[in-house]
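Each value in this text was obtained by applying a stated rule to the coordinates, not by laboratory testing. Just so it is clear, the model here is predicted, and its values are computed rather than measured. Note that each Cβ is placed from the backbone with ideal geometry, even for glycine, and that neighbours are counted across all protein chains shown.
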């Protein structure tokens, strides 16, 4: 239970962190500005802005990679052949709502507003427990699927496999993020 909650917090952080990165880039905050009061990090002021922005982006990328590795600590389930009634590729259906985070970040004017908006977004994303869509999974070769089982249960599956038909789905080990979201690592 504690591992699952910590994992869901990490996934929520990964999924919402790009909001902060877009804010930092849009406002032109660099590592040199952020660490200006730290004597041993004065050298960061000499870095090109692009280096700061790249490092900002790499933080959630590495955090997403860590969450993939940590997913092996979650509870395990399986999907037997013939259990899945329908499958729908979900990559494109969630991108518009995720891009909404970007537009919100571009309209945030200051740190206080960012903190409030991010806090509200983080809480709702965490508590929704419906989906953990994070486009950074795409960088690791994962795909997103909405599947419906024979008993009518709707499940969100994160997998590296390229499924096209329901009869192709036979998963010996799927890690349970919550009751409706699973990740297949193999």
Taking a crude spin-label model, label points 7 Å out from Cα along the C-beta direction, the residue 167 to residue 81 distance in nm is 1.0
Among 69-75, 22-28, how do they line up from the highest to the lowest mean number of other beta-carbon atoms within 10 Å? 22-28, 69-75
Taking the 0 to 90 degree range and rounding to the nearest ten, how far is the long axis of helix 111-128 tilted relative to the main principal axis of the chain, both from C-alpha atoms? 10
How far is it, in nm, from the label point at residue 153 to the one at residue 62 when both lie 7 Å from their Cα along the line to the Cβ? 3.7
For the residue 39, residue 72 Cβ pair and Förster radius 41 Å, calculated FRET efficiency rounded to 0.05 is 0.50
Quarter of the Cα convex hull surface for the chain, i.e. its orientation-mean projected area (nm²): 11.9
Using 0.36 nm per residue of separation minus the Cα-Cα distance, give me the extension gain between residue 4 and residue 138 in nm, one decimal. 46.0 nm
Give the angle, between 0 and 90 degrees and rounded to the nearest 10, that separates the Cα long axis of helix 91-107 from the longest principal axis of the Cα atoms of the chain. 20
0 to 90° range, to nearest 10: angle between helix 2-27 axis and the chain longest Cα axis: 40
With R₀ set to 30 angstrom, the calculated FRET efficiency between the beta-carbons of residue 106 and residue 51, to the nearest 0.05, is 0.85
For residue 26 and residue 95, compute 0.36 nm times the residue count separating them, minus their Cα-Cα distance, and round to one decimal in nm. 22.8 nm
